[in-house]
Amino acid sequence: MKSYILGYDDVALSLLLMAIAILLSRLRSLKLERNLAIGTVRSFAQLTLIGFALKFLFAHQSLLTFGAIATIMLLVASYEGVRRQTVRLPGFFFIILISLSAALILSLAVVVALIISPDPWYNLVVSIPLSGMVLGNGLNVISLAANRLMGEMKLRSAEIEVALSLGAPPAAALQPAIKESLTAALIPAINALMTVGLVQLPGVMTGQILAGQPPVEAVKFQIVIMMMWVTTGVICGVAATAMMRYLLINKRWQVRWELLEPTSSA
């Protein structure tokens, strides 16, 4: 099967698509033009640099290299997750870090060690792309769940206060808000599970097909990735909201409403 190679001139032509997005934002007064433009420049620069960096790193495999890269990815993801929150919760960096770390360890233990089984297990060609998928998706779920949880708590403030005053434990008092936040945060993942193969061909599968892999083989990898992607997203959302519960309600079962007030723009 033929594989397709792109030149930098071909990649540059993809800017036409972003130009359409920016134009629509301008016409509809969405005020996203600046973020779209900055994001485009950053994505080109960051992906180009990481492409050359990975080429070098793949030629110098070591457990120390993998550990360093994974740590940097975790720290950057956690920092970005905090920076983009309107409400700056104390300790939220560590909530993200712990949640992402748990999801990453589980995904590598199952997908890398048990399913793909590269030699060595930390082979950067396998472990780094998978780590990026887990961290990117996990961060999205955490951000969506955290924002929705804080909004739901404000909306249900009277309900929560009454439940706590009647002796309901924090887990029970916040359960409706947490359930709603997790359900909303996982809508993209559930939609992807329902429509994959029928409406969309995901990135991993599409990339492998364009690279010349037989479609049946590409499908196998995509199924594994989808299972990992959705499950680690659920883990991140559940872990983050559980830790937020302890952060937002003190030992006397009082809601710390002052933490839900915006302190600066994201």
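For region 232-266, a residue qualifies if it is within 23 Å of the chain's Cα centre (by Cα) and of a type in the set (Lys, Arg), and exactly one does: Arg245.
Okay, residues lined up against (1) touching a residue at least 60 places away in the same chain (Cβ under 8 Å); (2) on the phi < 0 side of the Ramachandran plot; (3) in the same structural domain as Thr232 (by TED's automatic domain parsing):
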| site | (1), (2), (3) |
| --- | --- |
| Leu166 | no, yes, yes |
| Pro176 | no, yes, yes |
| Glu180 | no, yes, yes |
| Leu186 | no, yes, yes |
| Gly197 | no, no, yes |
| Pro202 | no, yes, yes |
| Met205 | no, yes, yes |
| Leu210 | yes, yes, yes |
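The condition (being farther than 28 Å from Gln222 by Cβ and hydrophobic (A, V, I, L, M, F, W, C)) is satisfied by just one residue among Ile72, Ile38: Ile38. Restricted to helices (runs of 4 or more DSSP H) entirely inside region 1-70, those with at least 1 residues that are farther than 29 Å from Leu124 by Cα and small (Gly, Ala, Ser) are 15-27, 33-58.
Residues of region 117-128 that are free of Cβ contacts under 8 Å to residues at least 24 places away in the same chain and either of a type outside the set (Gly, Ala, Ser) or crowded, with 20+ Cβ neighbours inside 10 Å (or both): Pro118, Asp119, Trp121, Val126. For region 169-194, which residues satisfy the criterion of being touching a Ser or Thr at 6+ places or on another chain (Cβ under 8 Å) and either surrounded by fewer than 15 Cβ atoms within 10 Å (Cβ to Cβ) or of a type in the set (S, T, N, Q) (or both)? Matches in region 169-194: Ser181 only. How many of the residues making up region 152-161 are more than 16 Å from Leu247 (Cβ to Cβ) and either surrounded by 12 or more Cβ atoms within 10 Å (Cβ to Cβ) or touching a residue at least 40 places away in the same chain (Cβ under 8 Å) (or both)? The qualifying residues number 5.
Matching residues to (1) in contact (Cβ under 8 Å) with a residue 60 or more places away in the chain; (2) surrounded by fewer than 15 Cβ atoms within 10 Å (Cβ to Cβ); (3) not small (Gly, Ala, Ser):
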site: Leu17; (1), (2), (3): no, yes, yes
site: Leu36; (1), (2), (3): no, no, yes
site: Val41; (1), (2), (3): no, yes, yes
site: Phe56; (1), (2), (3): no, yes, yes
site: Thr65; (1), (2), (3): no, no, yes
site: Glu80; (1), (2), (3): no, yes, yes
site: Arg83; (1), (2), (3): yes, yes, yes
site: Thr86; (1), (2), (3): yes, yes, yes
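For Trp229, the criteria (1) more than 21 Å from the chain's Cα centre (by Cα); (2) more than 22 Å from Pro169 (Cβ to Cβ) hold in every case but one, which is (1). When you scan region 134-157, do you find a residue that is out of contact with any His (no Cβ under 7 Å at 6 or more places or on another chain), hydrophobic (A, V, I, L, M, F, W, C) and either outside the structural domain of Ser78 (by TED's automatic domain parsing) or outside any helix (DSSP H, G or I) (or both), even just one? Taking every residue of region 134-157 in turn, none turns out to be out of contact with any His (no Cβ under 7 Å at 6 or more places or on another chain), hydrophobic (A, V, I, L, M, F, W, C) and either outside the structural domain of Ser78 (by TED's automatic domain parsing) or outside any helix (DSSP H, G or I) (or both).
The values are calculated or read from the model by the stated rules, or taken from the named source; none is laboratory data. Remember, predicted model here, so these are calculated numbers, not experimental data. Here Cβ is always computed from backbone atoms with ideal geometry, including for glycine, and neighbour counts include all displayed protein chains.
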